[in-house]
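Below is one structure; the comments refer to it alone.
The values are calculated or read from the model by the stated rules, or taken from the named source; none is laboratory data. Just so it is clear, the structure is predicted and the values come from calculations on it, not from any experiment. Cβ atoms come from the backbone with ideal geometry, glycine included; neighbour counts cover every protein chain shown. For accessibility, only protein heavy atoms count, side chains too; no ligands or nucleic acids. Shrake-Rupley method; radii C 1.70, N 1.55, O 1.52, S 1.80 Å.
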Amino acid sequence: MLKAVILIGGPQKGTRFRPLSLDTPKPLFPIAGLPLIQHHIEACAKLEACKEILIIGSYTTSHMQQFVTDMAKEYHVIIRYLQEFTALGTGGGLYHFRDQVRAGNPTAFFLLNGDVCADFPLKDLWHFHEEKPNALVTIMGTEATRQQSVHYGCMVCESGSKSVTHYVEKPNSYVSTLINCGVYVCSLQVFHTMADAFQKKQDRFYSGNGHSNPGYMSWEQDVLAPLAGTNKLYAMQVNNWWSQVKTAGSAIYANRHYLELHKERTCTNATCTVLPDVFVHPTATVDPTAVIGPNVSIGAGVTIKAGVRIKESIVLNNATINEHALVMYSVVGQEASVGEWSRVEGTPSDPDPNKPFAKMDNTPLFNTDGRLNPSITILGASVVVPAETILLNSIVLPHKHLTRSFKHEIIL
Ligand code: GDD
Ligand code: GTP
């Protein structure tokens with residue numbers, strides 16, 4: 001029997017995803033019509049041997065309960081949300097709930113960062129891990145560019161055995177272009193290594209020079225780094241699509257890839273002109289004269305009126321796009337409305353297509369001159385854009401009723 005653990009952090013994480021994470025926790029933000037971590041759940045539930053999925057985070061249970069109930073019903077697998085009393089880090093939460101992971105004596109468990117997206121090759125990862133004697137953890141790795149690699153966990157591997165000899169989390173200077181994807185398979189004995197790491201933390205805390213929260217543990221720094229070079233840590237390199245979901249721009253990028261991966265779920269019943277890939281929720285109302293796609297997700301209860309054009313965007317539940325409006329490289333928040341003949345447009349922040357292995361750059365909001373970097377346009381929940389206005393590369397916080405056009409601005 002196998003289990004899976006999904007780490008989702010809490011309200012203090014995922015701040016670069018604001019304002020999209022102000023009313024929906026980031027792990028539940030819909031990408032290609034499914035909440036971000038539903039893609040993880042789906043990948044785990046596909047494995048017959050995976051009997052339980054534990055979601056660990058510090059969001060309150062009320063935020064997660066409905067989702068967990070819905071998922072358990074849909075995928076016929078045991079799913080539970082375990083709430084950390086405070087953010088314990090990527091390792092602390094897992095260690096705190098170790099008895100829940102060990103219950104039923106699974107052979108191994110998958111560990112998945114909730115903020116990545118990929119076509120999770122879990123079966124391959126499991127087979128790879130099974131074949132390695134003494135392996136405690138196998139990391140799914142991928143190639144990044146030299147410059148970008150330093151923003152991830154970097155690994156050096158023995159070429160034959162794939163045993164990780166060196167692991168550095170977000171190094172200051174270049175170490176390796178093989179990076180950690182935040183997807184792992186772990187044997188239960190890893191909890192012994194975690195117990196040692198935990199003990200060291202306690203010793204440091206009581207001698208007065210440790211982290212202010214002694215329960216805090218970094219999976220990467222306190223567990224993976226010490227395991228490197230012991231023949232207990234392995235890396236399986238994949239070349240499939242993989243990306244982090246950190247900024248709102250990366251949601252548009254992930255949307256495109258998940259739509260492509262799950263073509264079977266994409267638009268079936270809309271009567272308008274559809275340029276694939278498009279997901280339209282069955283409860284959305286779309287005028288037959290609208291043109292939608294490519295790479296668009298339309299949420300539940302959305303109304304799209306005559307002559308509307310939408311491409312490369314996500315439109316969230318119950319939003320209204322009025323006659324002849326254009327929406328491009330944007331996220332339209334829940335209950336928001338875009339007026340007739342208005343233009344809501346952003347700039348994509350895709351990986352550089354000319355650089356092999358380039359990933360999304362999670363560029364900061366402002367550049368060094370203090371100017372807003374061009375990015376996708378985001379309308380927060382219940383924002384109203386009047387008729388005949390232009391909104392370019394702007395972020396509008398929830399509930400704002402705009403009265404004019406804006407370019408390159410954050411509208412509070
Ligand atoms: N439960 C819980 N508690 N989850 C947490 C906590 C916590 O205190 N802190 C972070 N997480 C979750 C986040 O929600 C996210 O899904 C995941 O753990 C990774 O945490 P981050 O702190 O955001 O790390 P990162 O994304 O910058 O880097 C990690 O992922 C990269 C790949 O995306 C590292 O594992 C890197 O080595 C890796 O390359
Ligand atoms: P994740 O997306 O889940 O990693 O969480 P996050 O978005 O909250 O990101 P994190 O806290 O890791 O910070 C992201 C980047 O923003 C880092 O480079 C931080 O140094 C920077 N940062 C975070 N908070 C602040 C802040 O208040 N001011 C400034 N100037 N930078 C910040």
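Expressed in nm to one decimal, what extension gain is obtained for the pair Ala103 and Ser62 from 0.36 nm per residue of sequence separation less their Cα-Cα distance?
Values: separation 41, 0.36 × 41 = 14.76 nm, distance 2.47 nm.
Between Ala103 and Ser62, full extension yields 12.3 nm more.
Classify the stretch 285-412 as rounded, prolate or oblate, taking a ≥ b ≥ c as the square roots of the eigenvalues of its Cα gyration tensor: rounded when a/c is under 1.5, otherwise prolate if a/b is larger than b/c and oblate if not. Walk me through the numbers on the way to the answer.
On the way: a/c = 2.07, a/b = 1.36, b/c = 1.53.
Oblate.
Using only Cα positions of the stretch 239-308, each an equal point scatterer, no hydration layer, compute I(q)/I(0) via Debye at q = 0.25 Å⁻¹ and quote the log10 values to two decimals.
Once normalised to I(0) and log-transformed, intensities are -1.10.
Of the heavy-atom accessible surface of the stretch 103-243 (probe 1.4 angstrom), what whole percent is carbon and sulfur?
After summing per-atom areas, the C and S share lands at 46 percent.
Mind checking which of His76, His39, His257 has the largest fluctuation in a GNM of the chain, springs on alpha carbons under 10 Å?
Top of the fluctuation ranking is His76.
Between Asp23 and Gln83, what is the FRET efficiency for a Förster distance of 25 Å, r being their Cβ-Cβ separation, to the nearest 0.05?
Calculated transfer efficiency: 0.80.
Counting each DSSP H run of 4 or more residues in the chain as -39500 (n - 2.57), what helix-only mean residue ellipticity at 222 nm follows after dividing by all residues, to the nearest 500 deg cm²/dmol?
-6000 deg cm²/dmol
Can you list, bin by bin at 10 Å, the percent of alpha carbon pairs in the stretch 1-134, starting at 0?
Cα pair-distance distribution for the stretch 1-134, in percent: 12, 44, 35, 8, 1.
How much of the accessible area of the stretch 1-99, probe 1.4 Å, is carbon plus sulfur, in whole percent?
Using a 1.4 Å probe with all protein chains present, the stretch 1-99 comes out at 53 percent carbon and sulfur.
Roughly how many debye, to the nearest 20, is the charge dipole of the stretch 315-396 about its Cα centre, given +1 on each Lys and Arg Cβ, -1 on each Asp and Glu Cβ, and no other charges?
Dipole magnitude for the stretch 315-396 comes out near 240 debye.
For the stretch 318-412, state which trypsin sites (Lys or Arg not before Pro) are in a DSSP loop and have at most 10 other beta carbons lying within 10 Å of their beta carbon.
Here the trypsin sites (Lys or Arg not before Pro) that fit, given the DSSP loop and packing criteria, are Arg371, Arg404.
From the Cα gyration tensor of the stretch 301-349, with a ≥ b ≥ c the square roots of its eigenvalues, which class applies: rounded if a/c is under 1.5, or else prolate if a/b is larger than b/c, or else oblate?
Here the stretch 301-349 falls in the oblate category.
Kindly work out what percent of the DSSP beta bridges joining two residues of the stretch 1-90 are antiparallel, to the nearest 5.
Working: 2 of 15 bridges.
For the stretch 1-90, the DSSP antiparallel bridge percentage is about 15.
Tabulate in residue order the Karplus-calculated ³J(HN,Hα) for the stretch 286-298, using 6.51 cos²θ - 1.76 cosθ + 1.60 with θ = phi - 60°, rounded to whole Hz; enter x for Gly and Pro.
10, 5, x, 8, 6, 10, 10, x, x, 6, 10, 10, 10
Expected output is a single nm value to one decimal: the length gained when fully extending between Glu42 and Glu409, i.e. 0.36 nm times separation in residues minus the C-alpha distance. What is it? If you can, show how the numbers build up before the last one.
Working: separation 367, 0.36 × 367 = 132.12 nm, distance 3.78 nm.
So the extension gain works out to 128.3 nm.
Compute the FRET efficiency between Ala387 and Thr283 as 1/(1 + (r/R0)^6), taking r as their Cβ-Cβ distance and R0 = 22 Å, and round to the nearest 0.05.
The calculated FRET efficiency here is 0.30.
Considering only C-alpha atoms, what is the centroid distance from the stretch 205-222 to the stretch 72-145, in Å?
Taking the Cα centre of the stretch 72-145 as reference, the centre of the stretch 205-222 is 22 Å away.
Pop out the ³J(HN,Hα) list for the stretch 210-223 in order, Karplus 6.51 cos²θ - 1.76 cosθ + 1.60 with θ = phi - 60°, rounded to Hz; leave Gly and Pro as x.
x, 5, 5, 10, x, x, 6, 9, 9, 4, 6, 7, 8, 10
Given the stretch 324-412, what percent of its DSSP beta bridges are antiparallel, to the nearest 5? Could you put the intermediate results ahead of the total?
Details: 1 of 19 bridges.
So the antiparallel bridges amount to about 5 percent of the total.
If a/c stays under 1.5 just call it rounded; otherwise compare a/b with b/c (prolate if a/b is bigger, oblate if not). Do that for the stretch 123-226, with a ≥ b ≥ c from the square roots of the Cα gyration tensor eigenvalues.
Values: a/c = 2.52, a/b = 1.33, b/c = 1.89.
Oblate.
Specify which residue in the list Met328, Asn367, His399 is farthest towards the positive end of the charge dipole of the stretch 324-412, using unit charges on the beta carbon of Lys, Arg (+1) and Asp, Glu (-1), about the Cα centre.
Farthest along the dipole direction, towards plus: Asn367.
Work out the FRET efficiency for Ala195 and Trp341 from their Cβ-Cβ distance, taking R0 = 56 Å, and round it to the nearest 0.05.
With a Förster radius of 56 Å, E is 0.30.
Label Asn362 and Thr230 with points 7 Å out from Cα along Cα→Cβ: what is the distance between them in nm?
Those two pseudo-labels are separated by 2.8 nm.
In Å, what Rg and Dmax follow from the Cα atoms of the chain?
22.1, 70
Run the accessible area of the stretch 328-412 with a 1.4 Å probe and give the carbon-and-sulfur part as a rounded percent.
53
I'd like to know which of Thr266, Ser149, Ala254 lies farthest towards the positive end of the charge dipole of the chain, counting +1 on Cβ of Lys and Arg and -1 on Cβ of Asp and Glu.
Working it through, the farthest residue towards the positive pole turns out to be Ser149.
Holding the Cα-Cα limit at 21 Å, pick out from Lys123/Lys359; Lys51/Lys123; Lys162/Lys232; Lys200/Lys246 the pairs that are longer than that.
Beyond 21 Å: Lys123/Lys359; Lys200/Lys246.
Mind checking the per residue accessible area of the chain for me, 1.4 Å probe, whole number of Å²?
Value for the chain: 43 Å² per residue.
Using +1 on the beta carbon of Lys and Arg, -1 on that of Asp and Glu, and nothing else charged, what's the dipole of the stretch 30-132 about the Cα centre, debye to 20?
The calculated dipole for the stretch 30-132 is roughly 240 debye.
Would you please state which residues of the stretch 79-95 a label at Phe205 would reach in this model, taking the label point 7 Å out along Cα→Cβ and a backbone N cut-off of under 16 Å?
Once the point is set 7 Å along Cα→Cβ of Phe205, 84-95 turn out to lie under 16 Å by backbone N, inside the stretch 79-95.
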